[in-house]
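> First the structure, which I've put down as structure tokens, then a few questions once you've had a look.
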Amino acid sequence: MKTVPSEAFPAPSSTRLSSQFGDPNSGLRSITELSGSAVVIHVGGDIDASNESVWQHMVSRTASIAVAPGPFVIDIRSLDFMGSCAYAALANEAVRCGRRGVNLRLVSNQPVVARTIAACGLGRLLPMYTSVENALSPSLNDLD
């Protein structure tokens with residue numbers, strides 16, 4: 001899997017290219033991995049109204065790399081906070097990805113994320129998985 005960091009996660013020994021989205025003090029960091037037509041972005045930090053535009057840009061720019069039939073996987077397990085604006089951006093991007101034949105898949109082990117997605121009626125747009133591995137090769141048993 002080819003890896004491209006997009007923010008300030010510490011880079012392991014593999015070769016990585018760095019780029020920043022918006023304000024480097026936004027509180028967001030990400031690493032993007034490419035595997036065939038699949039794209040995986042690991043995100044950490046906080047998402048709220050103060051960095052909503054940075055989040056939207058990060059998600060849409062990374063999603064644009066994904067090519068059908070590969071999924072676009074967003075791993076949010078390292079997020080400390082995810083405001084309502086983050087869910088709206090994910091839902092909007094899921095619709096755009098769907099038009100291109102790309103499935104957006106969310107990775108989280110936080111019950112509050114699952115409850116929020118269910119309460120907002122976003123379960124079909126934002127299917128959740130417990131690991132990146134499950135999201136990359138989903139079966140009905142892997143969905144949370």
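The values are calculated or read from the model by the stated rules, or taken from the named source; none is laboratory data. It should be emphasised that the depicted structure is a prediction, and the values quoted were computed from it without experimental measurement. We place every Cβ from the backbone using ideal geometry, glycine too, and count neighbours over all the protein chains shown.
> Would you pick out the residues in region 87-104 that are in contact with a helix residue (DSSP H, G or I) (Cβ under 6 Å, 6 or more places away or on another chain) and small (G, A, S)?
Matches in region 87-104: A89 only.
> Among the candidates V59, V54, V113, which residue alone is within 10 Å of the chain's Cα centre (by Cα), among the aliphatic types (A, V, I, L, M), under 28 Å from P24 (Cα atoms) and buried (at least 16 other Cβ atoms within 10 Å of the Cβ)?
Numbers: V54 fails: within 10 Å of the chain's Cα centre (by Cα); V113 fails: within 10 Å of the chain's Cα centre (by Cα).
After applying the criteria, what remains is V59.
> Among strands (runs of 3 or more DSSP E) lying entirely in region 1-110, which contain 1 or more residues that are at pLDDT below 90?
Values: elements: 2-5, 28-35, 38-47, 72-82, 104-107.
Result: 2-5, 28-35.
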